[in-house]
Amino acid sequence: MASTWGQLAKPKEEQKEPVPQIAFQKLTPELAIKKLKIGIRGQQKTGKTRWAMSSAVNYGPTYIIATEPGVKPLAKLFPDSEIYFCEVYEPDYTGVFEVESTKTLANIDQAVRQIRQMALANPDSVKTVVVDSVTDVWKWVQEWMKMEVLKIDKTARVKQQWDWGYANTKYQNIIMQLISLPCHVILTAQDREEYAGAGQPSGEWTARWQNQTPYWVDIVIALKKMKDKVGQVHYMAEIEDSRHMDENMNPIAGKTFENFTFDDLVKALTAKTKEK
C-alpha cells in the first residue's frame with residue numbers, strides 16, 4: 001500500500017481568486033452634466049432645502065436624507081413633485097436634549113443602502129439624492145469617533161491629530177457611497193461666521209462641513225438673504241465654483257441669480273452664449 005505521508009507533507013496550493021476586470025468607460029462630452037454633484041451652503045432660512053427640493057420639479061424622484069425638520073413645511077410648494085424623505089435623527093433619552101450619534105449614523109447608513117439598491121437596480125427610480133445637511137452628519141461622525149473609538153466624552157478635545165482619520169474616513173465613506181451613484185447628488189451645509197480673534201466677528205461666512213467636501217462635488221453654490229432699501233427680502237445665489245462650463249465652454253463660476261432653482265442651474269450649464 002502506497003504511503004500517503006508524502007501527500008500530507010506537501011503544502012496545499014493556495015486557491016487564488018481571479019483578478020476582477022475593470023470596466024473602463026469612454027469619456028464623452030455628453031456625460032458632463034448628466035449627473036450633477038452639488039454642494040450648497042448658506043445661513044439659516046436662505047432656501048437651501050427649498051432649492052434641493054426644486055430638483056424634483058422637472059427631473060424626477062428626489063430622495064432626501066433629512067437631519068433637520070426643514071422638509072415638511074415646504075410640502076405646499078411642491079404639491080405635484082415626487083419627493084420622498086426620511087428623518088434620521090435619533091434622540092438620546094438618557095441625556096438632556098441629546099442626540100444618539102451612533103444610532104443616528106446607523107439610520108443614515110441604512111438610508112444610503114436602500115437608496116443605492118434602488119438606484120442601481122433602476123436608475124429611473126432615483127433621479128436626485130439630497131443630504132440635508134452634511135453639517136449635522138459631520139458633527140455626529142465626530143461624536144461617534146470620540147465616544148465609540150477614542151472612548152472619550154463627545155465634548156472633549158481630540159488630543160492627537162492623526163485620530164481625526166477615524167472621523168474623516170467615516171464621513172468620506174458616507175459621502176462617496178452617494179457621490180458614486182448614477183443620479184444627481186445635493187449636499188446642503190449650514191454657514192458659520194469666521195472670527196478674526198476672540199469676540200471679533202469678521203463678517204465672512206464659510207460652510208460648516210468637513211473640509212474635503214467641496215473637492216468631492218463639482219459645483220459649490222452659496223445662498224444669501226438680503227433686504228433692499230424698502231425692506232423687500234431677496235433670495236440670492238452665487239455659483240462659487242464649478243468644474244462645469246456652459247455650452248460655449250465659458251465658466252459659470254461667479255454667476256449670480258435671484259430666486260434660484262435647480263432648473264436655473266441646468267439652464268446655465270446648457271446655455272449657449274450669444275455671439276456679439
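When only residues in segment 37-65 that are more than 16 Å from residue 225 (Cβ to Cβ) and within 13 Å of the chain's Cα centre (by Cα) count, which is surrounded by the most Cβ atoms within 10 Å (Cβ to Cβ)? If we take residues in segment 37-65 being more than 16 Å from residue 225 (Cβ to Cβ) and within 13 Å of the chain's Cα centre (by Cα), then 52 is surrounded by the most Cβ atoms within 10 Å (Cβ to Cβ).
Conditions tested, residue by residue: (1) touching a residue at least 60 places away in the same chain (Cβ under 8 Å); (2) farther than 24 Å from residue 133 by Cβ; (3) part of a helix (DSSP H, G or I); (4) not acidic (Asp, Glu).
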residue: 35; (1), (2), (3), (4): yes, no, no, yes
residue: 44; (1), (2), (3), (4): yes, no, no, yes
residue: 50; (1), (2), (3), (4): no, no, yes, yes
residue: 57; (1), (2), (3), (4): yes, no, yes, yes
residue: 64; (1), (2), (3), (4): yes, no, no, yes
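All of 129, 141, 96 fail the test of being modelled with pLDDT under 95 and either surrounded by fewer than 17 Cβ atoms within 10 Å (Cβ to Cβ) or in a strand (DSSP E or B) (or both), apart from 96. Looking only at segment 222-276, residues that are at positive phi and among the small types (Gly, Ala, Ser) come to 2 in all.
One residue stands out among those in segment 66-85 that are of a type outside the set (Phe, Trp, Tyr) and buried (at least 17 other Cβ atoms within 10 Å of the Cβ): the one that is nearest to residue 264 (Cα to Cα), which is 81.
Pairs are defined by a Cβ separation below 9 Å, a sequence spacing of at least 6 or placement on different chains, a first member in segment 103-125 that is free of Cβ contacts under 8 Å to residues at least 24 places away in the same chain and crowded, with 17+ Cβ neighbours inside 10 Å, and a second member that is of a type in the set (Phe, Trp, Tyr) and part of a loop (DSSP other than H, G, I, E, B); the pairs so defined are 107/89.
Looking only at residues that are among the β-branched types (Val, Ile, Thr) and within 21 Å of residue 36 (Cα to Cα) in segment 203-260, which one is surrounded by the fewest Cβ atoms within 10 Å (Cβ to Cβ)?
256
Yes/no per residue for (1) out of contact with any Lys or Arg (no Cβ under 9 Å at 6 or more places or on another chain); (2) over 30 Å from residue 146 (Cβ atoms):
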residue: 169; (1), (2): yes, no
residue: 192; (1), (2): no, no
residue: 212; (1), (2): yes, no
residue: 215; (1), (2): yes, no
residue: 225; (1), (2): no, yes
residue: 258; (1), (2): yes, yes
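Checking each residue in segment 149-194 for being in a loop (DSSP other than H, G, I, E, B) and more than 27 Å from residue 37 (Cβ to Cβ) picks out 150, 151, 152, 153, 154, 155, 156, 157, 158, 159, 160.
The values are calculated or read from the model by the stated rules, or taken from the named source; none is laboratory data. Nothing here was measured: the structure is a model prediction, and the numbers come from that model. Because the Cβ atoms are built from the backbone with ideal geometry, glycine has one as well, and the counts that use them run over all protein chains shown.
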